[in-house]
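What follows is one structure encoded as structure tokens, with my remarks underneath.
The values are calculated or read from the model by the stated rules, or taken from the named source; none is laboratory data. Since the structure is predicted, the reported quantities are computational estimates derived from the model, not experimental observations. Here the Cβ is made from the backbone with ideal geometry for all residues, glycine too, and neighbour counts use every protein chain on show.
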């Protein structure tokens, strides 16, 4: 496996409010900020890929959330009027495989008052999380390029009237963070061993039979196994021939 560095924009995902957690006195509500679900995204070149978020204390950097990260209006990071509240300090946690935070809204603030009333009445249900990814593992899953975030940082929570498309990046183009991507090198050789990982099989087939990466990516798992078996058979035949000498 190899690594490369890329500058990636801040990503966003939709969130779910937990209605029964609404606290009228403290003006707080619990929000599920991640379930780690796989979603389709698009690169700037138009290429589609899947993104997954690992949900674990090792993968998620809770520092920004637990320090009281901002709750914004539609990811607007400029101007104090966009501030609606903050994450309750040290409320970031993982429960039953889900990332959860507690959001607290401002009191005696005209905009925040309107937003809170709409939340408590059930008319405003859409939140969105902005996050950066520090490290991805790149693999092929059923032939689809998949990036799994194994180190990522939630930055802020926003209220949105209409949830953004799961693949949308709605931050300014200047908001980039450096990300390390670990990936399989398709020019590598695994000494003919059949390893039941699609990426490893694809690397073997591409190297041994001089297929391109695109050609092996289009192959089914059964096809890759068949080609690897043919490669092993050829290697065994060559060994037998060498023994004769």
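Residues that are part of a loop (DSSP other than H, G, I, E, B) and either surrounded by 13 or more Cβ atoms within 10 Å (Cβ to Cβ) or modelled with pLDDT of 85 or more (or both) within the range 23-40 comprise 24, 25, 26, 27, 35, 36, 38, listed in sequence order. In the range 28-39, the residues that are at positive phi reach residues that are assigned to a loop (DSSP other than H, G, I, E, B) and surrounded by fewer than 21 Cβ atoms within 10 Å (Cβ to Cβ) with C-beta atoms within less than 8 angstrom, at least six apart or across chains, in these pairs: 36/54; 36/55; 36/97. Checked against (1) surrounded by fewer than 19 Cβ atoms within 10 Å (Cβ to Cβ); (2) at pLDDT 70 or above; (3) assigned to a loop (DSSP other than H, G, I, E, B), residue 191 passes all but a single condition, namely (2).
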